[in-house]
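Single-structure report; data block below.
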Amino acid sequence: MSDKKELLWQSRFSEPFDREALRFSSSVHVDKALFREDIQGSTAHVTMLAEEGIIGKEEAERIIGGLHEIGEELESGRLIPHWEDEDIHTVIENRLKEKIGATAGKIHSGRSRNDQVATDTRLYLRRQIGLLEDTLRALQKTLVEKAKTYSETIIFGYTHLQRAQPISAGHYYLAYFNMFRRDRDRLADLLKRVNVSPLGAAAFAGSTLPLNPERSAELLDFEAVFSNSIDAVSDRDIIIEFISACSMMMMHLSRFAEDLILWSSYEFGYLEISDAFATGSSIMPQKKNADIAELVRGKTGRVYGNLIAMLTIMKGLPLSYNRDMQEDKQPLFDSAQTTIESVAIFTSLLEHTALKEERLAKLTAEDLSLATEIAEYLVRKQLPFRDAHRVTGKIVTYSIAQGKTLPKITIDEYKTFSELFENDIYDALKPEASIRAKQTHGSCSFRSVERQIEEALKLL
Ligand code: ARG
């Protein structure tokens, strides 16, 4: 360590901090990612200090000029943060001291690293929430495009991974649209709690200096100011909420990934991933793998791990600040980066997929998944649903035993199961007719899909 650089708290000690202990406690390698936020926060704090007459106007100008230069040095890589400086806040303050001398120390008037790091974290979160919002909106746009392209395409809907009923593929894509809509709502709601300034809480008890926390908040575009200085420096709920929201997004993506992986397999054969987004095998030349979807599914586990890490870091902490909280950065940064990247790559992947419409049309036309239509046909003819279900069950068994699909069973055969069957049963047995006939709100009918697309477009 050069003698110009000292740890911010060293003066009380007669011995220098042990190097191994310093290396262990240094967070520079992680929190250097906060340098923009740190400079932004310090600039606002110093502006407020000068406005309140706590430091001189010229001093403030020199400090802010220096901070600006340091920002450019860090941005361009001319200044490489060194682990010996303990954390990014110290890196910046020490560099400022090199540039403007002892005046640099004034940036800490009425401020501790405790409210400083809480401020930086909130600024970081606000930016990440904005980025995530944008990537989610792009994904939703792609989903609406898919829903439009495939609104008339009939696919199987599944329950228990068993073919259940034919549906419009548009309906399927819009289900995911709704999941990501809730994810965006969660972010918007979280933003209200993120947008609260902790600056002015100092170490945890406030300051004897005449600070103006409202002004600091205003300069940083925060919507509100903390109401309790202890809570202001101790609160990491917003990180936990954010990673929880990320976990939910990743869970949604992971389910979607699973569908794509299954559907692109030979066994299903419903969907083609274009070569640009598929991988091969080093030994089996015929292989075409959905690695991108698998990676998204895998990364989901890491984000869940971050959530549990954060909850565990916080669970035993006495008020107020504890150094344990420094460990919040890695899970936060990793979750933000992983989720944003995953949403973005998944959007591109989706754009590089196509449903195999011919094969799907053939499969859905001949399938037992139309059995529910037979039951509902009988219900329309006033048979109680339970009886209709029983009759239809017998028809399904018969169809399997005879090796005949439902539309191939003759009307005389149908009549042996119930006198209610007429020739119009064959209309009910067309997947398209079955979808068209769905009457209820938010159903898979083509009309409902059209309506959902209109609604979705309004939200983008
Ligand atoms: N690097 C620390 C963190 O991220 C900054 C706060 C240090 N405060 C302290 N009292 N040691 O949490």
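The values are calculated or read from the model by the stated rules, or taken from the named source; none is laboratory data. In this text the structure is predicted, and so the values were computed from the model without any measurement. Neighbour counts are summed over all protein chains in view; Cβ atoms, including those assigned to glycine, are modelled from backbone coordinates with ideal geometry. The accessibility values were calculated without ligands, DNA or RNA, using every heavy atom of the protein model including side chains. Shrake-Rupley method; radii C 1.70, N 1.55, O 1.52, S 1.80 Å.
What pairs in K287/K404; K356/K381; K192/K315 have C-alpha atoms more than 28 Å from each other?
Working: K287/K404 34 Å; K356/K381 36 Å; K192/K315 24 Å.
Exceeds cut-off: K287/K404; K356/K381.
Return a whole-number percent for the relative contact order of the chain, with Cα pairs under 8 Å and 6 or more residues apart as the contact set. Walk me through the numbers on the way to the answer.
Details: 615 pairs, mean separation 71.2, N = 460.
After rounding, I find 15 percent.
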For F385 and A224, extending 7 Å from Cα along the Cα-Cβ vector and measuring point to point gives, in nm, a value of 4.5
Return the Cα extents of the range 40-114 along principal axes one, two and three, sorted largest first, each rounded to a whole Å.
-> 34, 23, 21
For I240, the net charge from surrounding residues (Cβ-Cβ under 15 Å; K, R +1; D, E -1) works out to -3
Report the calculated FRET efficiency for K141 and S274 (r = Cβ-Cβ distance, R0 = 25 Å), to the nearest 0.05.
-> 0.85
1/(1 + (r/R0)^6) with r = Cβ-Cβ of A203 and A102, R0 = 22 Å, i.e. FRET efficiency to nearest 0.05, evaluates to 0.50
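Of the trypsin sites (Lys or Arg not before Pro) in the range 25-134, which ones lie in a loop per DSSP and count no more than 11 other C-beta atoms within 10 Å? Walk me through the intermediate numbers first.
Numbers: sites: K32, R36, K57, R62, R78, R95, K97, K99, K106, R111, R113, R122, R126, R127; in loops: R78, R111.
Answer by residue number: R78.
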Listed here are the pairs K57/K99; K146/K430; K148/K394; which of them are more than 27 Å apart at the Cα?
-> K148/K394
Nearest 10 degrees, 0 to 90: what angle lies between the long axis of helix 88-100 and the longest principal axis of the chain (Cα atoms)?
-> 40
Could you give the size of the charge dipole of the chain about its Cα centre, using +1 on the Cβ of each K and R and -1 on the Cβ of each D and E, expressed in debye and rounded to the nearest 20?
-> 1240
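Determine the calculated [θ] at 222 nm for the chain from helices alone, applying -39500 (n - 2.57) to every DSSP H run no shorter than 4 residues and normalising by the residue count; nearest 500 deg cm²/dmol.
Working: 19 runs with 279 residues, N = 460.
Helices in the chain give a 222 nm mean residue ellipticity of -20000 deg cm²/dmol.
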Going by average Cβ neighbours within 10 Å, how do the peptides 190-203, 390-403, 371-384, 438-451 rank, with the highest at the top?
-> 190-203, 371-384, 438-451, 390-403
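Once the other residues with Cβ under 11 Å from the Cβ of A257 are scored (Lys, Arg +1; Asp, Glu -1), what is the net sum? Write out the running numbers ahead of the final one.
Working: positive: R255, R297, K299; negative: E258, D259, D291, E294.
Charge balance in the 11 Å sphere: -1.
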Looking at this model, which pairs from K32/K106; K141/K362; K141/K329 are more than 26 angstrom apart at the alpha-carbon?
-> K141/K362; K141/K329
E413-S348 FRET efficiency (beta carbon distance; Förster radius 56 Å; 0.05 resolution) | 0.65
Expressed in angstrom and ordered largest first, the alpha-carbon extents of the range 333-460 along the principal axes are 65, 31, 26
Count the net charge of all other residues whose Cβ sits under 15 Å from the Cβ of N212, scoring Lys and Arg as +1 and Asp and Glu as -1.
-> -3
So how do T159, T47, T121 rank on accessible area, 1.4 Å probe, biggest first, that is with the largest at the start?
-> T159, T47, T121
Column: log10 I(q)/I(0), Debye, Cα scatterers of the range 253-306, q = 0.19, 0.25, 0.26 Å⁻¹ | -0.67, -0.98, -1.02
Evaluate the chain: find the radius of gyration of its Cα atoms, find its Kirkwood radius, and give the ratio Rg to Rh.
-> 1.16
